[in-house]
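Notes follow once the structure below has been shown.
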């Protein structure tokens with residue numbers, strides 16, 4: 001990435017704003033049971049990887065998207081590489097092309113818009129991500145163009161088979177507050193953020209400043225600390241080594257307060273997801289009910305052999321906040337299994353008492 005790229009009026013690093021969905025799993029549903037982030041201790045994923053890999057001086061590779069709209073693939077592959085390193089005690093870079101070639105979005109004129117959080121997260125969850133060596137993200141060693149990154153035919157069967165060896169993961173969305181970001185990244189070995197920016201002359205520096213919301217950009221976040229007593233999170237850009245401090249840049253509370261950080265997404269190892277906090281149900285629920293208590297009821301039913309759905313909305317990891325016919329049917333099964341009568345899928349005092357006692 002060069003200064004000329006930043007000056008281009010059509011510059012678009014490739015972030016597409018998230019479209020909220022009631023099925024989105026929220027980090028706060030888990031984070032509420034986890035202690036707040038300790039800012040006095042800080043967090044540095046590279047320091048942890050240095051110890052985990054027994055590799056003094058270890059640094060994450062700095063990616064270069066070269067003005068392409070592939071930032072979603074770059075950040076997603078960076079996060080997946082980190083998670084696989086902690087799982088396997090060995091680091092192998094993951095392919096940004098494997099992700100973006102399957103999730104890119106074009107505008108009506110066939111121009112690259114970029115990618116979305118949900119599409120990238122679903123790909124990691126459903127497929128995994130291949131190693132860079134099996135699906136190179138550089139064109140004969142040179143930083144890529146959109147045409148190169150979007151060429152899905154370059155994803156070989158060997159790369160797809162390799163991706164399947166990735167450890168199973170899921171994801172949750174993180175609200176755009178610096179404390180929630182710090183807690184999520186320190187719990188899950190990092191996260192991805194979607195932020196807004198413009199070329200205001202600060203983006204080559206270690207401390208970019210908020211400005212106009214001209215473009216959206218994904219970055220992997222792996223650090224958090226106090227700098228001169230103020231809270232900052234550290235993210236590694238995919239614009240080459242000449243950006244920030246060898247690719248790393250710092251975003252403080254002023255960036256969050258500006259509204260220029262849209263959202264975060266954190267990947268979690270599926271078998272290491274902390275159990276949801278105990279939820280005390282206090283009201284009757286029935287078809288048409290909506291709210292966080294419905295989501296926790298679906299989580300409970302899925303965990304007690306009364307699945308709301310095998311896949312899609314209501315299935316494990318995809319619980320929703322809406323009580324529909326599938327929730328009613330799952331609740332009927334729970335009532336029959338536990339001799340609660342009448343078993344017609346109404347969440348009333350008898351069922352509520354039983355569910356609260358079983359958590």
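Tabulated data
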{"item": "Residue 212-residue 105 pseudo-label distance in nm [points 7 Å out on the Cα-to-Cβ vector]", "result": "2.2"}
{"item": "Where only C-alpha atoms are counted, convex hull volume of segment 3-272 per residue in Å³", "result": "131"}
{"item": "Relative packing of peptides 65-77, 307-319, 187-199 - highest average C-beta neighbours within 10 Å first", "result": "65-77, 187-199, 307-319"}
{"item": "Modelled FRET efficiency - R0 30 Å, residue 19 with residue 139, Cβ distances, 0.05 increments", "result": "0.40"}
{"item": "Extension reserve of the residue 54-residue 175 stretch, reckoned as 0.36 nm per residue once the Cα distance is removed", "result": "40.2 nm"}
{"item": "P(r), alpha carbons of segment 292-358 - 10 Å bins starting at zero, rounded %", "result": "24, 60, 16"}
{"item": "Against the rule of thumb 2.2 N^0.38 Å, how large the Cα Rg of segment 195-255 comes out", "result": "1.04"}
{"item": "Rounded to 5, percent antiparallel among DSSP beta bridges of the chain", "result": "95"}
{"item": "Value at 222 nm in deg cm²/dmol, rounded to 500, when DSSP H runs of n ≥ 4 in the chain each add -39,500 (n - 2.57)", "result": "-9000 deg cm²/dmol"}
{"item": "Residue 253-residue 303 FRET efficiency (beta carbon distance; Förster radius 35 Å; 0.05 resolution)", "result": "0.40"}
{"item": "In degrees, nearest ten, helix 178-188 long axis to first principal axis of the chain (Cα)", "result": "80"}
{"item": "Principal-axis tilt of helix 292-303 within the chain, Cα atoms, nearest 10 degrees", "result": "80"}
{"item": "nm² value of the averaged projected area, convex hull over the Cα atoms of segment 84-233", "result": "11.0"}
{"item": "Segment 68-164 - convex hull of alpha carbons, volume per residue in Å³", "result": "91"}
{"item": "Anisotropy class of segment 243-325 from Cα gyration tensor, a/c 1.5 cut", "result": "prolate"}
{"item": "Stretchable slack from residue 205 to residue 341, in nm (0.36 nm times residue separation minus alpha-carbon distance)", "result": "42.4 nm"}
{"item": "The chain: angle of helix 349-358 to the longest principal axis, Cα-based, in degrees nearest 10", "result": "50"}
{"item": "Label point at residue 89 placed 7 Å out along Cα→Cβ; residues across segment 37-75 whose backbone nitrogen lies under 17 Å", "result": "48-56"}
{"item": "R0 of 25 Å, Cβ-Cβ distance residue 354-residue 126: FRET efficiency to nearest 0.05", "result": "0.10"}
{"item": "Stretch gain in nm, segment residue 227-residue 165, where the contour uses 0.36 nm per residue and the Cα spacing is subtracted", "result": "18.4 nm"}
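Read the figures in this text as sums done on the coordinates, not as results from a lab. The structure presented is a predicted model; accordingly, all values stated were derived computationally and were not measured. Using ideal geometry, Cβ is built from the backbone for each residue, glycine included, and neighbour counts are taken over all protein chains shown.
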